[in-house]
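Coordinate-derived values only; no laboratory data. Since this is a predicted model, take the numbers as computed values, not measurements. In this analysis, Cβ positions are derived from the backbone assuming ideal geometry, glycine residues included, and neighbour counts consider all displayed protein chains.
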């Protein structure tokens with residue numbers, strides 16, 4: 001198992017803690033909303049931050065009425081190039097910017113994606129899995145989009 005991640009919980013423990021099924025957590029992973037830490041044997045582990053993110057996903061679904069596609073498209077609005085400090089020249093050529101339907105960690109051929117583990121530890125993903133960060137970031141991003149349409 002990967003080191004540097006204290007207090008990891010197995011998928012079954014997390015499912016029981018949050019009162020969701022293991023297949024639901026696997027679906028969140030498959031749909032790109034969640035990146036578990038995997039052992040060499042394939043066991044999925046989750047950090048406390050991951051657990052909080054799963055709770056946020058559940059709230060977006062149950063309280064806000066969003067579906068998986070809606071959450072994925074919201075995550076796709078996150079400006080990963082700003083959070084990761086990509087150079088301007090790299091940003092213009094990044095295939096991650098051409099597809100606005102999925103977050104950067106779901107895309108192939110993104111220069112910063114060296115492995116799934118790299119995406120779990122990436123600043124963009126770690127920033128994204130905090131509900132409070134999402135709220136403030138979406139306000140900023142919506143203003144940027146409005147300004148770009150006016151110019």
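For the pair the range 1-65 and the range 119-151, the centres of their Cα atoms are 22 angstrom apart. Counting neighbouring beta carbons within 10 Å and listing from fewest to most, the residues 46, 127 come out as 127, 46.
At full extension, residue 66 and residue 121 could sit 17.2 nm farther apart than now, given 0.36 nm per residue minus the alpha carbon distance.
Working ranking of peptides 61-70, 32-41, 14-23 by packing, defined as the average number of other Cβ atoms within 10 Å per residue, highest first, is 32-41, 14-23, 61-70.
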